[in-house]
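Notes follow the structure.
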Number of protein chains: 2
Amino acid sequence: MIKQYYMPTQIIMGEDCVQSSNKVFSEMGKKALIVTGKNSARLNGSLDDIIKVLSSNGQEWALFDKIMSNPTIECVYEGAAFAKTENVDFIIAIGGGSPMDAAKAINLLACQDIPEDKLFNGQYSEEILSMILVPTTAGTGSEVTPYAVLTNNRAQTKTSIASHILFPKVAILDAKYMENLPKEITVNTAIDALSHSIEGMLSLRANPITDSIALDSIRRISRCFESLKTGELTREQRFELLYASTLAGMVIANTKTTAVHSMGYSLTYFHDIDHGRANGLLLGEFLKYVEKSCPDRVSEILSAMGLSTVNEFITLLDELLGERENLTDEQIEKYVSITAKSSNIKNSLVTPDTEDLVQIYKSSMNK
Amino acid sequence: MIKQYYMPTQIIMGEDCVQSSNKVFSEMGKKALIVTGKNSARLNGSLDDIIKVLSSNGQEWALFDKIMSNPTIECVYEGAAFAKTENVDFIIAIGGGSPMDAAKAINLLACQDIPEDKLFNGQYSEEILSMILVPTTAGTGSEVTPYAVLTNNRAQTKTSIASHILFPKVAILDAKYMENLPKEITVNTAIDALSHSIEGMLSLRANPITDSIALDSIRRISRCFESLKTGELTREQRFELLYASTLAGMVIANTKTTAVHSMGYSLTYFHDIDHGRANGLLLGEFLKYVEKSCPDRVSEILSAMGLSTVNEFITLLDELLGERENLTDEQIEKYVSITAKSSNIKNSLVTPDTEDLVQIYKSSMNK
């Protein structure tokens, strides 16, 4: 397999960098579609900052603030119709993974005529609007990836649209919008980012460049473990987690994710377990599984966290995640059959078969 | 200052990756201009590999193999005229920094009508041909930077053309072409890459992403120090140095270089001292100079190399560089006056004044 690295998004970072990026916004076009959720972008000040920049630039905008957690296909078709009606020139997304991923899908559907049954087939033309993404959680890394993950009721899981045209033009990183994030979201998103970097290290597509970025991201997140336990983070730590999650995004933009994500999607789809938490629940046992064939690789990951054994890592995750949800044998069987169809399964250094998947679910959830 | 990260070049890496990238070549157009030097690309097999891929794709090519070390402005105008005559669709450069930088300048001049006195002014349109760069030394990082450094006789130094349009479309990294590089070139180019990463850490434009990449690059190079002393490198170490030099290129693509490069250009221009060596001669004393104001930053760099003091680093460089060239007071005065005009001087965390520059030259060269 040829090893590749590609990440063409321009990253702008630092305190108040939305305000100091007015030229970046002004070069994008006359009218923006702002894609976000109902509340958070209003509460954390990001929407206000962006609207001020657009106003001072004399740019127009239309607001689509209907993105829910784990956005649906219906929602992005609705957003695309709105974008067409409003005749926008570019797209700004503000929020966590849900608004950012939804914005990418809305963009694709506003520019290209794609029926729902062909939405995930990867056969797209090059037409797309430029995007500026402003993450307000430190987890998804969507601001630097070519993926849009949507809830796919037909397949009863979450499915990715993946295309190089979905790389945003610009990602703007200001951790001040994360100042008041609740502990639970902070922890779950940090675990999501950690999972991206760890899965990137365990991917067949890993290469020396993604390894370098992944290990640094893992180190940055692990330096915040103690504060994550209490939920008391300094502004500096918020920046560390934000950079770490963007670095982790740069990793999976190239390595894709692995079985952990595929398995976690069932936990989110059927049990409404937060995406980051779902990854965290499965990550330890997946590491144990890979360790049997690739002990050195797992040891490299553990050592970046200052840990010696996978059990130490699981203990740490237990402290962050609290009590685990239980699954019945029937549920596990169902989720394994869904997971086994996912393409991400084959990205792992070791490909788990259905028995392995059953075992990982069981050991993870029914301890 | 807003901190930024941008590097849109696709990197393909691994053994025999030229051969396995025929699709990448075929998508670039009908006819290539191959830019290289007189000999090395023929001797190390890279030219042959590329021509085979082009032939099997049914693509045409024209060869411009007149690039000398530290290419001149005349040389790139000649190459541009040749590119226009041959009516090429894309450009392939093979070699060290000289052919790669020259290819970028040739590309610019083939697409845009720029008189010599406006060559370095940064005012270019967006017109450019796509480029594939194949480094055959592990030092310059040009395969992932937006810079083309040329010998500028008018300014009696080397000067950079810098523009985002000069980012290559693709960089192809195969260390097998470095198998028979002489010890001196291996050492000098490794020091060049090390200098890029260290200068990137000492740049005002450094940011958490470039720091992450720079530190990993420094670690990779320092793991090869002992083998660099003997000149006996395994294929794996060659890859390590190649990746490290590309990582270092990703750093300076964002941070630019600092006073070390500006000062080194005089050593190359007036004394024909190899570019990497020139940086190595100055790097230790520059670190000492910055350490006075930013001890923590310098300590972070030293610790990535497993060293405790700048003097240990200078001892190590001495082992790699051998006897240092001497400069007269008049020469130093002249080079300081040239260096002081360079824009890179102001990139450093601490900006050296002319007295500082005199001191750094003296301590570096007349030990």
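The values are calculated or read from the model by the stated rules, or taken from the named source; none is laboratory data. Here the structure is a predicted model, which is why all the values come from computation and not from measurement. No Cβ is skipped: glycine too gets one built from the backbone with ideal geometry, and neighbour counts run over all protein chains shown.
Just a few scattered comments:
- Single residue of B:GLU240, B:GLU199 found to be within 18 Å of the chain's Cα centre (by Cα), assigned to a helix (DSSP H, G or I), farther than 18 Å from B:GLU179 by Cα and among the charged types (D, E, K, R): B:GLU199
- Residue in segment A:61-75 that is under 21 Å from A:ALA248 (Cα atoms), touching a Lys or Arg at 6+ places or on another chain (Cβ under 7 Å) and either within 14 Å of chain B (Cβ to nearest Cβ) or outside any strand (DSSP E or B) (or both) present: yes
- Scanning segment B:152-161 for residues that are touching a Lys or Arg at 6+ places or on another chain (Cβ under 8 Å) and either within 17 Å of B:ASP192 (Cα to Cα) or modelled with pLDDT of 95 or more (or both) turns up just one, B:ILE161.
- Across segment A:243-273, the number of residues qualifying as assigned to a helix (DSSP H, G or I), under 29 Å from B:SER217 (Cα atoms) and among the β-branched types (Val, Ile, Thr) comes to 4.
- Verdict on A:PHE25 being surrounded by 18 or more Cβ atoms within 10 Å (Cβ to Cβ), assigned to a helix (DSSP H, G or I) and within 14 Å of another protein chain (Cβ to nearest Cβ): yes
- B:SER40 being touching a Gly at 6+ places or on another chain (Cβ under 7 Å) and of a type in the set (S, T, N, Q): yes
Table: residues versus (1) under 24 Å from B:SER343 (Cα atoms); (2) not assigned by TED's automatic domain parsing to the domain that holds B:GLN59; (3) not aliphatic (A, V, I, L, M).
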| residue | (1), (2), (3) |
| --- | --- |
| B:VAL76 | yes, no, no |
| B:ASN87 | no, no, yes |
| B:ILE94 | no, no, no |
| B:GLY97 | yes, no, yes |
| B:GLN112 | no, no, yes |
| B:GLU116 | yes, no, yes |
| B:GLY122 | yes, no, yes |
| B:GLU127 | no, no, yes |
| B:THR137 | no, no, yes |
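- Criterion violated by A:GLN237 - all others in (1) more than 19 Å from A:VAL298 (Cβ to Cβ); (2) crowded, with 24+ Cβ neighbours inside 10 Å; (3) assigned by TED's automatic domain parsing to the domain that holds A:CYS294 satisfied: (2)
- Of the residues examined, B:ILE94 is not one that is on the phi < 0 side of the Ramachandran plot, surrounded by fewer than 21 Cβ atoms within 10 Å (Cβ to Cβ) and among the hydrophobic types (A, V, I, L, M, F, W, C).
- Top-ranked residue in segment A:60-72 [being of a type outside the set (Phe, Trp, Tyr) and surrounded by fewer than 20 Cβ atoms within 10 Å (Cβ to Cβ); ranked as nearest to the chain's Cα centre (by Cα)]: A:SER69
- The set of residues in segment B:252-270 being within 14 Å of another protein chain (Cβ to nearest Cβ) and touching a His at 6+ places or on another chain (Cβ under 6 Å) is empty.
- Tallying residues that are within 16 Å of the chain's Cα centre (by Cα) and assigned to a loop (DSSP other than H, G, I, E, B) within segment B:158-196 yields 3.
- Applying the set (1) buried (at least 16 other Cβ atoms within 10 Å of the Cβ); (2) under 21 Å from the mean Cα position of the chain (by Cα); (3) without any contact (Cβ under 8 Å) to a residue 24 or more places away in the chain to B:ASN39 leaves exactly one unmet item: (1).
Residues are listed down the side, and each one gets a yes or a no for (1) within 14 Å of chain B (Cβ to nearest Cβ); (2) in contact with a strand residue (DSSP E or B) (Cβ under 9 Å, 6 or more places away or on another chain); (3) touching a residue at least 60 places away in the same chain (Cβ under 8 Å); (4) surrounded by fewer than 22 Cβ atoms within 10 Å (Cβ to Cβ):
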position	(1), (2), (3), (4)
A:ASN188	no, no, yes, no
A:SER197	yes, no, no, no
A:ASN207	yes, yes, yes, no
A:SER212	yes, no, no, no
A:ASP216	yes, no, no, no
A:ARG220	yes, no, no, no
A:SER227	no, no, no, yes
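- Residue tally, condition touching a Gly at 6+ places or on another chain (Cβ under 9 Å) and either without any contact (Cβ under 8 Å) to a residue 60 or more places away in the chain or aliphatic (A, V, I, L, M) (or both), over segment A:70-94: 2
- Condition check for B:GLY141: at positive phi and either within 14 Å of chain A (Cβ to nearest Cβ) or modelled with pLDDT of 95 or more (or both): yes
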